[in-house]
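The values are calculated or read from the model by the stated rules, or taken from the named source; none is laboratory data. Since the model is a prediction, treat every value here as computed from it, not as a measurement. Glycine gets a Cβ as well: all are built from the backbone with ideal geometry, and neighbour counts include every protein chain shown. Keep in mind that these areas ignore ligands, DNA and RNA; they rest on the heavy atoms of the full protein, side chains included. Shrake-Rupley method; radii C 1.70, N 1.55, O 1.52, S 1.80 Å.
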Amino acid sequence: MKKIGRNDPCWCQSGRKYKVCHMAFDEKLQKYALEGHMVPDHDMLKTREQIEGIKESSKINIAVLDHVAENICVGMSTEEIDRLVYEKTTGLGGIPAPLDYDGFPKSVCTSINSQVCHGIPSADDILKDGDIVNVDVSTIYNGYFSDSSRMFMLGNVSEDAKRLVETAHKCIDVGLEQVKPWNFLGDMAQAINDYAMSNGYSIVREIGGHGVGLEFHEEPFVSYVTQKGTEMLMVPGMVFTIEPMVNMGKPDIYIDDDNGWTVYTEDGLLSAQWEVTVAVTEDGYEVLTW
Ligand code: MF3
Ligand code: CO
């Protein structure tokens, strides 16, 4: 960490002197670091202006998912969902973040039933009665990134599938309860994992959430299977996703060999996921997308 003078302007761009702004904060952070905890770098902490930018991006992100919610139906292909997402996002002045990201060929991820995440929309994949599908929308607007996903239940869904989808939704609330300054990401992870396991489900270990805002995927990696009191300290200005993948059976997964993207449950059982972008505030959290 660079040494800043007491009377120098604070690194947070508030325009205030360091000693009355983030000096005590930095000392506290330093104390945690010396105890061996992971603490965020200053550049992981968003300024007020950056949070405002992410919020504008989030508004489009939410509008796109609302648009999908209004139109999704049995008989529709996931390619049509891709079109809905592309048209709505660009119509509102945004860019779909997945398009061409690391070679991803479409504007949105659509993951059906035993697909865990990163499903690629296709004209061949037709939504049928009883399917559960995750639609994961990531948006760039004015250089700012937002990311959220919802589950959709098509037609007559089994009670088992419904319970999985509802539990995955509740996992977000359970996680949010732990989001506040000076808690650890592991506090959130354990709360989510305990809740999923108490319902007889498991959480995917290899894939998790991420910092987001100035880039699509920023540090830190956000796990939902780690222990209370571990992982990075949460402090105001951090923005990250909560997006646990909840499996009906075992947590094990594999990636589709042919397309290199789509993640499936190893045991072929259902998986469900909801995702929000959340900002840590002075006294808790603010959900930016839902
Ligand atoms: N929300 C997903 C994630 O953060 C979106 C991935 S888009 C893809 O992993 F292009 F990487 F598939
Ligand atoms: Co994400």
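The 3J(HN,Hα) values that the Karplus relation (6.51, -1.76, 1.60; θ = phi - 60°) gives for the stretch 212-219 are, in residue order, 7, x, 8, 9, 5, 10, 10, 6 Hz. Gly and Pro appear as x.
Stretching the chain fully between M76 and D258 yields a gain of 63.2 nm (0.36 nm per residue, less the alpha carbon separation). The label-point distance for D66 and E159, in a model that sets each label 7 Å from Cα toward Cβ, rounds to 3.5 nm.
In percent, how large is the relative contact order of the stretch 42-289, given Cα pairs closer than 8 Å and 6 or more residues apart? Kindly include the intermediate steps, with their values, before the conclusion.
On the way: 638 pairs, mean separation 54.4, N = 248.
Normalised by residue count, the contact order of the stretch 42-289 is 22 percent.
If the chain linking S198 and E266 were pulled fully straight, counting 0.36 nm for each residue of separation and taking away their Cα-Cα distance, it would gain 22.4 nm.
If a spin label sat at a point 7 angstrom from the Cα of A33 along the line to its beta carbon, the backbone N atoms of the stretch 211-238 nearer than 19 Å would be those of 219-221, 230-238. Lys-Lys pairs in the stretch 42-289 that are eight or more residues apart or on separate chains and whose Cα atoms lie under 14 Å of each other come to 4.
List the longest stretch of the chain that has no exposed loop site; here a site is one of the GluC sites (Glu not before Pro) assigned by DSSP to anything other than H, G, I, E or B, with at most 10 other Cβ within 10 Å. Show your work: numbers first, answer last.
Numbers: sites that count: E35, E282.
No qualifying site falls inside 36-281, the longest such stretch.
The accessible area of H210, taken with all protein chains in place and a 1.4 Å probe, comes to roughly 10 Å². In the complete set of protein chains, residue-level accessible area for L45 is approximately 20 Å², probe 1.4 angstrom.
For n ≥ 4 DSSP H runs only, could you compute -39500 (n - 2.57) per run for the chain, divide by its residues and tell me the 222 nm figure to the nearest 500? Write down the numbers at each step before the final one.
Working: 5 runs with 82 residues, N = 290.
Helix-only estimate at 222 nm: -9500 deg cm²/dmol.
Near Y285, no amide H atom lies under 5 Å from its own; only residues 5 or more places off or on other chains count, and H is placed 1.01 Å from N.
Against the chain, whose longest principal axis is taken from its Cα atoms, helix 48-71 shows a tilt of about 10°. Carbon-plus-sulfur accessible fraction, the chain (probe radius 1.4 Å, protein heavy atoms only): 48%. Excluding ligands, DNA and RNA, the accessible surface per residue across the chain is 46 Å² with a 1.4 Å probe.
Taking 0.36 nm per residue of separation and subtracting the Cα-Cα distance, full extension of the segment from D43 to H217 would add 61.2 nm.
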